[in-house]
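The values are calculated or read from the model by the stated rules, or taken from the named source; none is laboratory data. Since the structure is predicted, the reported quantities are computational estimates derived from the model, not experimental observations. Every residue, glycine as well, gets a Cβ built from its backbone with ideal geometry; the counts of neighbours run over all protein chains shown. Side chains are part of the model used for accessible areas, which takes the heavy atoms of the whole protein and leaves out ligands, DNA and RNA. Shrake-Rupley method; radii C 1.70, N 1.55, O 1.52, S 1.80 Å.
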Amino acid sequence: MTTPTADEINRWIVRAALDGADAPSILAGVCERLVAAGVPLVRAALAGDMLDPSFDSVGVRWKRGRGAALEQFLRTPDAALDDEWLRSPWHVLAEGPADRLRRRLGPSYVAGEFPVLDEFHRSGGTDYAAIIVRLGEGMWLGDTRGVLTSWLTDAPGGFDDAAIELVVATLPPLATMFLWRSMQRSARALMTTYLGTDAAERVLAGNVVRGRAECIRAVVWYSDLVGFTRIADAHRSQVVLAMLNDYAEAQVETIEAQGGHVLKFIGDGLLAIFPDRDESNACERALDAAAEARRRLDALNGKRRAAGLPVSDAHVALHIGELLYGNVGSPRRLDFTVLGAAVNEAARIEALCGSLDQRVIVSSAFAQAAGDVARSRLVSLGR
């Protein structure tokens with residue numbers, strides 16, 4: 001590789017991003033080119049916020065001889081992780097006015113300011129630079145409001161000024177690429193979180209037009225919590241909210257584990273579908289999900305009773321029928337959901353659980369579609 005200039009590196013970043021290269025590949029390519037240009041890197045990292053219910057931020061880390069890898073940082077109340085962030089150079093840049101922080105790690109280095117730099121010093125690092133690329137208000141994504149970067153060398157003389165300035169010259173396109181990828185990842189995470197996996201993939205593929213819906217045949221799951229109104233009237237809102245989350249988690253995880261798609265939370269109710277060309281397979285998966293949800297809810301109730309918390313149960317209806325699956329709503333406010341008589345019928349079947357003293361009721365249409373193996377698990381309740 002010839003000695004690349006900053007313009008050549010920047011053009012390569014843009015081309016690689018447009019060609020679909022991921023963030024680790026691009027950071028690795030940038031670091032290789034910087035090294036070829038005389039920047040003696042041993043480690044480099046980028047990080048920024050991510051809009052995801054599970055992950056607080058996302059980063060990419062490159063190490064000499066090991067390449068680059070994506071890192072996602074869990075959203076957690078872990079005090080140790082909070083302390084690690086508060087005592088990091090990146091926190092200083094994120095909170096303060098300065099855009100750069102540099103520390104020489106040679107023989108005169110004094111430990112104690114930043115634990116991570118003490119570690120770099122012990123491992124042979126000689127010079128460290130942290131740089132933030134700040135974003136305008138219209139580009140903010142989370143609280144950091146910028147893309148954080150760090151650069152480490154183990155060369156005896158550290159970085160010279162020309163090396164630092166070459167790194168700085170590559171940061172606008174590198175940060176833009178990273179931000180673009182983070183926004184793509186956040187968009188996919190948010191779509192999946194609020195719409196479910198299948199509906200999110202359809203929307204991201206371009207199905208955003210009101211009235212565009214597909215006729216499908218699927219198993220419908222409709223469930224509701226038992227006695228929820230009474231519980232909500234008797235307890236504080238935060239207790240009720242935590243309870244809803246507990247019971248939703250137990251059902252959603254079992255539904256998705258069996259290939260179902262959770263489409264909507266309706267108060268304390270839940271609407272999901274199990275689409276499959278093989279109807280008997282869809283019915284069997286729905287029955288498996290209902291059985292596992294019963295086991296999980298029983299275990300959850302045992303824990304909640306032991307903790308002195310209110311408990312409930314879920315009534316579940318399983319039905320099968322023709323559905324319209326797609327966009328409905330106003331031109332600027334759409335919902336991606338299912339419509340059809342089968343949804344209304346499932347809701348009415350669920351309402352019978354209390355009077356028939358059953359936790360799960362399936363329709364006759366479901367029983368007929370289930371096949372011999374699944375049907376052997378069912379007991380008739382009469383007309």
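Taking segment 280-311 as the range and being touching a strand residue (DSSP E or B) at 6+ places or on another chain (Cβ under 8 Å) and surrounded by 21 or more Cβ atoms within 10 Å (Cβ to Cβ) as the test, the residues that pass are A282, C283, A286, L287, A289, A290, A293, L297.
Of the residues examined, D154 is one that is open to solvent by 40 Å² or more (accessible area, probe 1.4 Å) and within 19 Å of A68 (Cβ to Cβ).
Of the residues making up segment 21-39, those that are surrounded by 20 or more Cβ atoms within 10 Å (Cβ to Cβ), touching a residue at least 60 places away in the same chain (Cβ under 8 Å) and not small (G, A, S) are I26, L27, V30, L34, V39. The set of residues in segment 313-363 being of a type in the set (S, T, N, Q) and touching a Lys or Arg at 6+ places or on another chain (Cβ under 9 Å) consists of N327, S330, T337. Restricted to segment 243-255, and to residues that are in contact (Cβ under 8 Å) with a residue 24 or more places away in the chain and of a type outside the set (F, W, Y), which residue is surrounded by the fewest Cβ atoms within 10 Å (Cβ to Cβ)? The selected residue is E253. Of all the listed residues (Q258, Q238), the sole one being of a type in the set (S, T, N, Q) and either in contact (Cβ under 8 Å) with a residue 60 or more places away in the chain or crowded, with 17+ Cβ neighbours inside 10 Å (or both) is Q258. Here A187 passes the criteria (1) under 29 Å from A347 (Cα atoms); (2) not in a loop (DSSP other than H, G, I, E, B) except the one numbered (1). Restricted to segment 327-378, and to residues there that are at positive phi and in contact (Cβ under 8 Å) with a residue 60 or more places away in the chain, the residue that is surrounded by the most Cβ atoms within 10 Å (Cβ to Cβ) is G371.
Scanning segment 177-196 for residues that are in contact (Cβ under 8 Å) with a residue 40 or more places away in the chain and surrounded by fewer than 17 Cβ atoms within 10 Å (Cβ to Cβ) returns W180, M183, L190, T193.
In segment 317-325, is there at least one residue being modelled with pLDDT of 95 or more, surrounded by fewer than 16 Cβ atoms within 10 Å (Cβ to Cβ) and over 18 Å from V219 (Cα atoms)? For segment 317-325, residues modelled with pLDDT of 95 or more, surrounded by fewer than 16 Cβ atoms within 10 Å (Cβ to Cβ) and over 18 Å from V219 (Cα atoms): absent.
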